[in-house]
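Visitor: Here it is: the structure, laid out below.
Bear in mind that the values in this text are calculations on the coordinates, not laboratory data. As the structure is a computational prediction, the values presented were derived from the model and not from experiment. Every residue, glycine among them, receives a Cβ derived from its backbone with ideal geometry; neighbour counts consider all protein chains shown.
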Amino acid sequence: MTPDAFIDKWSRADRTERQAAQEHFIDLCRVLGEPTPNEAADPDGYSFEKGVSKIDGTGGFADVWKRGHFGWEYKKDRANLDRAYQQLQLYSVALENPPLLIVSDTKRFRIYTNWTNTVQEKHEFALEDIAHSGTREAIGLIRDGDTTPTPGIH
């Protein structure tokens, strides 16, 4: 999938979280040339709907999780991404404390660093920013757990 096709498809979409999350993530993997959870070499360490016990003792599911890399929580378009981040924080211990906590809807993305003994950074970008190679390169760094700031991502 090309970046332009991805942007076109998802700029027109108005779906619920449940209807959109996995397809959106798979399409993003196609744009970045990355394997999806079902194509991964380690199926136990990369999955959709990773079941977790929250720090308050209740259960939940992280939308996407990759061991040692990230936890990802989707929300429907125009939802409160601050609440999505709070939800993902409740999951983070059960997700083995990934170095990146990512929240998004199909049109906005936030990447929070979660490194031990460091000040957290927040990087934000919009769907249209996927057209820029710098944004795609920054997103691609997620696979390596690298959070080096990239121009164009703020």
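Visitor: Expressed as a rounded percentage, what relative contact order does region 1-64 have, with Cα pairs under 8 Å and six or more residues apart?
Guide: Details: 46 pairs, mean separation 15.1, N = 64.
Normalised by residue count, the contact order of region 1-64 is 24 percent.
Visitor: Give the order of Phe25, Phe61 when sorted by the count of other beta carbons within 10 angstrom, beginning with the fewest.
Guide: Sorted ascending by nearby Cβ count, the order is Phe61, Phe25.
Visitor: Compute, for region 1-82, the length of the dipole vector about the Cα centre, with Cβ point charges of +1 (Lys, Arg) and -1 (Asp, Glu) only. Units Debye, rounded to 20. Can you show the working numbers first?
Guide: Working: 12 positive and 16 negative charges, 32 e Å.
Here region 1-82 has a charge dipole of around 160 debye.
Visitor: Distance from the Cα centre of region 1-35 to that of region 88-130, in angstrom?
Guide: Between the Cα centre of region 1-35 and that of region 88-130, the gap is 18 Å.
Visitor: To test your reading of the geometry: what angle, between 0 and 90 degrees and rounded to tens, separates the Cα axis of helix 17-32 from the longest principal axis of the chain?
Guide: 60 degrees
Visitor: State whether region 1-102 is rounded, prolate or oblate according to the following rule on the C-alpha gyration tensor (a ≥ b ≥ c being the square roots of its eigenvalues): a/c under 1.5 gives rounded; otherwise a/b larger than b/c gives prolate, and the remaining case gives oblate.
Guide: Oblate, because a/c is 1.5 or more while a/b does not exceed b/c.
Visitor: Highest first, please rank the peptides 35-43, 48-56 by the mean number of other Cβ atoms sitting within 10 Å of their residues.
Guide: Result, highest mean Cβ count within 10 Å first: 48-56, 35-43.
Visitor: For the chain, what is the relative contact order in percent, using Cα pairs closer than 8 Å and at least 6 residues apart in sequence?
Guide: RCO, the chain: 20 percent.
Visitor: Antiparallel DSSP bridges in the chain: what percent, to the nearest 5?
Guide: DSSP beta bridges in the chain are roughly 80 percent antiparallel.
Visitor: State which entries of Lys50/Lys75; Lys9/Lys122; Lys54/Lys107; Lys75/Lys122 exceed 24 angstrom in Cα-Cα distance in the structure shown.
Guide: Lys9/Lys122; Lys54/Lys107
Visitor: Between Glu121 and Ile55, what FRET efficiency follows from the Cβ-Cβ distance if R0 is 30 Å, with the result rounded to 0.05?
Guide: 0.85
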